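The values are calculated or read from the model by the stated rules, or taken from the named source; none is laboratory data. Just so you know, these numbers come straight off a predicted model, no measurement behind them. All Cβ positions, glycine included, derive from the backbone under ideal geometry; neighbour counts span all protein chains shown. SASA here: full protein model, heavy atoms, side chains in, ligands and nucleic acids out. Shrake-Rupley method; radii C 1.70, N 1.55, O 1.52, S 1.80 Å.
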Amino acid sequence: MTEDFLHYIWKHRLYKPGQYSTNQGEQLEIINPGLLNSDAGPDFFNAKVKIGDTMWAGNIEIHLKASDWFKHGHHEDEAYNNVILHVVAENNSTCFSASQREIPVWEIPIETACTYKYMELQQNQLWIPCASDIARVDEFQLTQWLERMTIEKLEIKVDSVIKLLSQYNNDWDEVFYVLLVRNFGFGLNGDPFEMLARRTPWRTILKNADNIERLEAIFLGQGGFLSELLPEDEYIQKLQKEYRLLSGKYGLIPVENFTWKFLRLRPSNFPTIRLVQLAELFNKGRLSLSKVLKAENIQQLIALLNISPSGYWMSHYRPGAESPVKSKAIGQNSRELIIINTFVPLVFAYGKLRGNEDLCNKSTEWLESLKPELNNIIEKWQEIGIKAKNASQSQALVHLKKRYCREKRCLMCRVGHLIISGKTNPQ
């Protein structure tokens, strides 16, 4: 038993039905449980209860034991003078406020089945606590909760965008650039890609956007991939010369080469290829935040990412290492991941912070029109019978697993609430 569980029982009125009375023997009627307080002070604000013939409006305090009132020092704290009812699992003490008023105590009668299900969810070692129960949750209710999870995840991304904006003087183009470059690391190399972006200002990219060789020299040089002497490779020698000039001109400091990960990556995912793809994207202003904001549908976004480095890179994955001729275009799956992880959250944040609801709606519609992602978490959900219908739901399921299931926040989860309260479909 925890206080959080008692808060949950009180908030959702999941106590046993019947006639209630306080420790003073007066009849109790609960009109409104009030609003949960997440800050210091009583647990619930603006509650309404009727005790005897008197209607009371004020605050509610909840403890496992009535004696916790004194243990927590509430009898000396004037912030608790307006408590109208002390709700407890065990009534073992009379309680008084700092003004010496006796606080009515109510020992809340909890349904045994409710407690049992909550404890079962908290104590089992399944992949998610409700793995054996979630199949009984109504599909409409689950879909509604997943929609909420998608928005919650996007709102968290808004906070990260706000932090970046504060670091870059509210320059949205710079923030777009940093986020895009980071996400070209596709998880494994995300940190070194972001480091590279932060060491290579957006204005430097803009000033050289009309020359693909200079852009390749900047990105590869900043990645530390132009330091090796390759006397037989004229193209790389040319890029090395460009980088020496540009790094001196702009004071560029490269990322340490050892930070990059190549192990178990397919050649098409090598950081070197991702860097020259970025150079191609920014060449002659092909990709920009304004173009993403103006896009009306997924097809237009995918078209923005439809590039393929040519020339030298048709037969190379790394500088100086020749390979069979093959296109280095950004693959369809990679394009969709960039849209999901960069374009959608940034457009949502832009709409949110600019008060443009149409942009927010457009970004979520983009997610709904993309197929679901494939990763270990989504595969695990499928194993227990939950299959994402689109990228919006796959994003929601990843968020649900990481932010709720992993931490066993069942009391804060709509699915957990339905299971604990017994509002699921019978098997």
Practice item. Please report, to two decimal places, log10 I(q)/I(0) for the stretch 297-396 at q = 0.10, 0.16, 0.20 Å⁻¹ as given by the Debye formula with identical point scatterers on the Cα atoms and no solvent. Key: -0.40, -0.80, -0.96
Practice item. Let me know the shape class of the stretch 124-224, please: from the alpha-carbon gyration tensor, a ≥ b ≥ c as square roots of the eigenvalues, rounded when a/c is under 1.5, otherwise prolate if a/b is greater than b/c, or oblate. Key: prolate
Check your understanding: If you count the DSSP beta bridges with both ends in the chain, what percent of them are antiparallel, to the nearest 5?
Key -> 70 percent
Practice item. Arrange the residues GLU3, GLU368, GLU76 by how much accessible surface each exposes, largest first, with a 1.4 angstrom probe. Key: GLU76, GLU368, GLU3
Exercise for review: Treating the angle as unsigned and between 0 and 90°, give the value, to the nearest 10°, between the Cα long axis of helix 112-123 and the longest Cα principal axis of the chain.
Suggested key: 30 degrees
Exercise for review: Scan the stretch 147-256 for GluC sites (Glu not before Pro) in coil per DSSP, keeping those whose Cβ has at most 14 other Cβ atoms within 10 Å, and list them by number.
Suggested key: GLU228, GLU232, GLU256
Review point. So, with a 1.4 angstrom probe, what is the percent of accessible area on the chain that is carbon and sulfur?
Key: 48 percent
**Study point:** Ranked order, ASP43, ASP138, ASP210 - accessible area, probe 1.4 Å, largest first
**Key:** ASP210, ASP138, ASP43
Check your understanding: Taking the chain as a Gaussian network, Cα atoms linked when under 10 Å apart, which of ARG203, ARG403, ARG101 shows the biggest mean-square fluctuation?
Key -> ARG101
Practice item. Consider just the alpha-carbon atoms of the chain and return their Rg together with their Dmax, both in angstrom. Key: 29.1, 96
Point to revise | Estimated 222 nm signal from helices in the chain, with DSSP H stretches of n ≥ 4 weighted -39500 (n - 2.57), rounded to 500 | key: -13500 deg cm²/dmol
Exercise for review: Normalising by the residue count of the stretch 1-109, find the relative contact order in percent from Cα pairs under 8 Å and 6+ residues apart.
Suggested key: 23 percent
Check your understanding: Modelled label-to-label distance, SER21 and ASP53, 7 Å Cα→beta-carbon offset: nm?
Key -> 1.8 nm
Point to revise | Cα-based shape type of the stretch 168-234, given that a ≥ b ≥ c are square roots of the gyration tensor eigenvalues and the cut on a/c is 1.5 | key: oblate
Point to revise | PHE45 accessible area, assembled protein chains, probe 1.4 Å, Å² | key: 70 Å²
Practice item. Would you calculate the separation in nanometres between label points at ILE384 and ASN92, each defined as 7 Å from the Cα along the Cα-to-beta-carbon direction? Key: 3.5 nm
Practice item. State the Cα centre-to-centre distance between the stretch 159-207 and the stretch 234-267 in whole Å. Key: 18 Å
